[in-house]
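Below you'll find the structure, written out as structure tokens, and then a few comments.
The values are calculated or read from the model by the stated rules, or taken from the named source; none is laboratory data. Not measured: the values here are computed from a predicted model. Backbone-built Cβ (ideal geometry, glycine too); neighbour counts: all protein chains shown.
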């Protein structure tokens, strides 16, 4: 099916938010955390890339968040799209979604791994005051804290949500957490083992967090993850 680009906005250097609609549908149904596959002819060859949906369902629209990889085959193509242009999409698919029954949860993301968590949290936090959600989000620089104002507003509005941005290369005046998300994992869990941990980002981070949790006694069913490379 074809999706038409409605609007974009830049979130950080080489990171952009995209809003698409699917004209042939009234409702584009999916579960927050799932992804779509985008298909295009790039330099004469068919190329397919999967991108997590970055917002909950909203009519026939879906939103994406991705970074431009200069040497990549697909992201430069998407960054060149203008509103009104169309692209072929397939899906939605994916099992990186909330597990039942609901429980307290820590969500660990780096970079554009924040995308599925934005969709998941926007749906769940306002509807589930019985559980606490902590978002531990790692980037290099303060300017790279994607959706910062949204998550800070969510933290102010909902007492069941905590937002912990963490900078690996923060300036001396950065007042928040420093280093990598792995260093703050057990602060976020509070020493508990009765919650779930959702992880999304590059393979090295995901694998290290999973290993730390397993060593701490977490059951594999409590660890839900998706890798971006």
How many of the residues making up the range 72-101 are more than 14 Å from residue 16 (Cα to Cα) and outside any loop (DSSP other than H, G, I, E, B)? 8
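Per-residue answers, yes or no, for (1) more than 22 Å from residue 199 (Cβ to Cβ); (2) part of a loop (DSSP other than H, G, I, E, B); (3) in contact with a strand residue (DSSP E or B) (Cβ under 6 Å, 6 or more places away or on another chain):
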{"position": "4", "(1), (2), (3)": "yes, no, yes"}
{"position": "8", "(1), (2), (3)": "yes, no, yes"}
{"position": "11", "(1), (2), (3)": "no, no, yes"}
{"position": "25", "(1), (2), (3)": "yes, yes, no"}
{"position": "31", "(1), (2), (3)": "no, yes, no"}
{"position": "38", "(1), (2), (3)": "yes, no, yes"}
{"position": "51", "(1), (2), (3)": "no, no, yes"}
{"position": "63", "(1), (2), (3)": "no, no, yes"}
{"position": "70", "(1), (2), (3)": "yes, yes, no"}
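Based on this model, can you work out whether residue 117 counts as closer than 17 Å to residue 53 by Cα, in contact with a strand residue (DSSP E or B) (Cβ under 6 Å, 6 or more places away or on another chain), at pLDDT 95 or above and assigned to a loop (DSSP other than H, G, I, E, B)? Break it down into steps so the answer makes sense when it comes.
Working: closer than 17 Å to residue 53 by Cα: yes; in contact with a strand residue (DSSP E or B) (Cβ under 6 Å, 6 or more places away or on another chain): yes; at pLDDT 95 or above: yes; assigned to a loop (DSSP other than H, G, I, E, B): no.
So residue 117 does not fit the description; no.
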For the range 51-76, the count of residues that are out of contact with any helix residue (DSSP H, G or I) (no Cβ under 6 Å at 6 or more places or on another chain), loosely packed, with under 15 Cβ neighbours inside 10 Å and at pLDDT below 95 equals 4
